[in-house]
Amino acid sequence: MSTTSRLRGIDTAVFWPALTITAAFILWGATAPDSLASVTNATLAAIINGFGWGFVVSTAMFLVFAGFLAISRFGKIRLGADDELPEFTTVSWVCMMFSVGMGIGLMFWGVAEPVFHFGAPPHGLAAPQSKEAALIAMEYAYFH
């Protein structure tokens, strides 16, 4: 890539089109939110209806591929120098992966679950979006 297409470490061939598309979506959403919502909902529905099976198949294929890598000779490839020892033990890695899974779950569901229960209280225990619904939503979130 020529030096004229780079500006202080920014790849202008990627930056400007990405910025333009992002700005266009922000402007579209700010000026015509109903139009943007209907187009994105229709697009999402078309993708899910037409390619929803592809997500399931690709996930299954990835798991099979990862399993193959783990049990094949490629699972023995060292990611570092030949004489280097791993920085963390296998148990440490498993703990870190578990922590990441728990962390992202808490970050997402820590907000999503009470909001969901506030809008639709479980078992019809309260009217949606009421003070009682808020209390029940937090009770269920704390319970879980």
With +1 at each Lys and Arg Cβ and -1 at each Asp and Glu Cβ, the charge dipole magnitude of the range 81-144 around its Cα centre, to the nearest 20 debye, comes out at 600 debye
Go ahead and estimate [θ] at 222 nm for the chain from helices alone: -39,500 (n - 2.57) per DSSP H run with n ≥ 4, summed, over the residue count, rounded to 500.
-25000 deg cm²/dmol
Size of charge dipole - the range 36-144 - debye, nearest 20, with Cβ of Lys, Arg +1 and Asp, Glu -1, no other charges
300 debye
For HIS117, HIS123, ascending order of other Cβ atoms within 10 Å (fewest first) is HIS123, HIS117
Full-extension gain between ILE10 and MET61, please, as 0.36 nm times their residue separation minus the C-alpha to C-alpha distance.
14.8 nm
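Readers should treat all values here as calculations from the given coordinates under stated rules, not as data from a laboratory. What you see is a predicted model, and the numbers here were worked out from it, not measured in a lab. Virtual Cβ from ideal backbone geometry, glycine too; neighbours counted across all protein chains shown.
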